[in-house]
Amino acid sequence: NPIAVRDVIVPVKKNLAVKPASNGQAKTLVEMEDNWESFTFSPIRESQVSRAMTRRYFADLDNYAESDIVIVGAGSCGLSTAYELAKKRPDLKIAIIEAGVAPGGGAWLGGQLFSAMVMRKPAEAFLNDLGVPYDDEGDFVVVKHAALFTSTLLSKVLSFPNIKLFNATAVEDLITRSNPTASDPNAVRIAGVVTNWTLVSMHHDDQSCMDPNTINAPLVISTTGHDGPFGAFSVKRLVSMQQLEKLGGMRGLDMRTAEDAIVKRTREVVKGLIVGGMELSEVDGANRMGPTFGAMALSGVKAAEEALRIVDE
Ligand code: AHZ
């Protein structure tokens, strides 16, 4: 418990013993064409599917319980950070925790319900690196669909063997260790994250206490976006645990200043916690930028650079 039975499996009397898959050559799609009458899938038993999924998931939970870096939030900034880190350092174990089922945050559309995504120069360098095509409009470039950017970035990030994305999983708290300094005897360093499946996080009020899980990591990079039902998670927690006096609060929209500010200020805010992307606007009181995404990509590049500086210290 608490697991609901959703349907029953109807046993088929014959074929209960599943034969091992044939070792013959895999069929090509062309060979399947015009042969649909004789078409059949390889045999399977339901438990094989369950085990194929759960064995990997629990091995990943075990493996990533000690990670080198945890990235909180898989929006445009978090994914850009992950891409840069994994590209440069295949030796680091990187866990990404994303509260939503669908990773990508606000980067599936360019703005409002429009498709095209705008990036101001010089952020096209990131698109060139990824291999995402764009129209050059002078001082800015336009990707024909934001989903082309996000899906390309996501597919590259997920292909790195040293990255595991735990989606539908929320960071509920930060792990801290006492780290007193001359100016602040109550200072802490961040030493990992406390997680729970998001559906569980959403039901703390109407179910009995459901304790969370944990991931230890010497470095956490938080990119949870600006304040909202889920956003600005880590920096709000820094205030409630008295590691930041207060948040500056994101200011009104000004594309001209917002993007430079976010990239320049991407940094380690409290020992062991780098903040990037729009979450940072809440720390410093930077302007909102609206539907331009260059700062999210380059804040990710800067967050990765800061992280590697700390890791190599
Ligand atoms: O689900 C969130 C989203 O995918 C996830 N997230 C938030 N809280 C979390 C938590 N645990 C795990 N506690 C959490 N995941 O973080 C992701 C944030 O993505 P985003 O796209 O909102 O943020 P970003 O900083 O990568 O990009 C911001 C995009 C915006 S908003 C904006 C404006 O309004 O001005 N402009 C841009 C470019």
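Scan segment 39-55 and tell me whether some residue there is closer than 30 Å to GLY106 by Cα and without any contact (Cβ under 8 Å) to a residue 12 or more places away in the chain. Checking segment 39-55: at least one residue is closer than 30 Å to GLY106 by Cα and without any contact (Cβ under 8 Å) to a residue 12 or more places away in the chain.
Among the residues of segment 74-115, those identified as near the ligand (Cβ under 7 Å from one of its atoms) and farther than 20 Å from SER159 by Cβ are ALA99, GLY100, GLY106.
Taken over segment 1-33, the criterion of being in a loop (DSSP other than H, G, I, E, B), among the aliphatic types (A, V, I, L, M) and at pLDDT 75 or above is satisfied by ILE3, ALA4, VAL5, VAL8, ILE9, ALA26.
Per-residue answers, yes or no, for (1) more than 13 Å from the ligand (Cβ to nearest atom); (2) surrounded by fewer than 16 Cβ atoms within 10 Å (Cβ to Cβ):
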site	(1), (2)
THR169	no, no
ALA187	yes, no
SER208	yes, yes
VAL220	no, no
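Across segment 116-167, which residue is farthest from the ligand (Cβ to nearest atom) among those that are closer than 30 Å to THR198 by Cα and among the hydroxyl-bearing types (Ser, Thr, Tyr)? Here the answer is SER159.
Only one of the listed residues (PRO122, PRO103) is under 27 Å from VAL200 (Cβ atoms) and either buried (at least 22 other Cβ atoms within 10 Å of the Cβ) or not charged (D, E, K, R) (or both). That residue is PRO103.
The residues of segment 128-155 that are in contact (Cβ under 8 Å) with a residue 60 or more places away in the chain and hydrophobic (A, V, I, L, M, F, W, C), listed by number, are PHE140, ALA146, PHE149, LEU153, LEU154. Just one of the numbered conditions (1) over 21 Å from ILE190 (Cα atoms); (2) within 18 Å of the chain's Cα centre (by Cα); (3) of a type in the set (Ser, Thr, Tyr) is not true of SER50: (2). Can we say THR224 is within 16 Å of the ligand (Cβ to nearest atom), modelled with pLDDT of 95 or more and farther than 22 Å from GLU66 by Cβ? Yes, satisfied. Right, GLY249: under 18 Å from ALA99 (Cβ atoms), loosely packed, with under 15 Cβ neighbours inside 10 Å and not charged (D, E, K, R) or not? Here the answer is no, as GLY249 does not meet what is asked. Residue-level check: of (1) more than 13 Å from the ligand (Cβ to nearest atom); (2) under 20 Å from the mean Cα position of the chain (by Cα), THR181 misses just (2). Can GLY294 be described as touching a Ser or Thr at 6+ places or on another chain (Cβ under 6 Å) and crowded, with 24+ Cβ neighbours inside 10 Å? Answer is no for this residue.
Just checking, does segment 305-312 include any residue being buried (at least 24 other Cβ atoms within 10 Å of the Cβ), of a type outside the set (Phe, Trp, Tyr) and closer than 22 Å to ARG177 by Cα? There is at least one residue in segment 305-312 that is buried (at least 24 other Cβ atoms within 10 Å of the Cβ), of a type outside the set (Phe, Trp, Tyr) and closer than 22 Å to ARG177 by Cα. Within the bounds of segment 270-285, is there any residue that is of a type in the set (Lys, Arg), away from the ligand (no atom under 14 Å from the Cβ) and without any contact (Cβ under 8 Å) to a residue 40 or more places away in the chain? Checking segment 270-285: not a single residue is of a type in the set (Lys, Arg), away from the ligand (no atom under 14 Å from the Cβ) and without any contact (Cβ under 8 Å) to a residue 40 or more places away in the chain.
The values are calculated or read from the model by the stated rules, or taken from the named source; none is laboratory data. All of these numbers come straight from a predicted model, not from anything done at the bench. Neighbour counts are summed over all protein chains in view; Cβ atoms, including those assigned to glycine, are modelled from backbone coordinates with ideal geometry.
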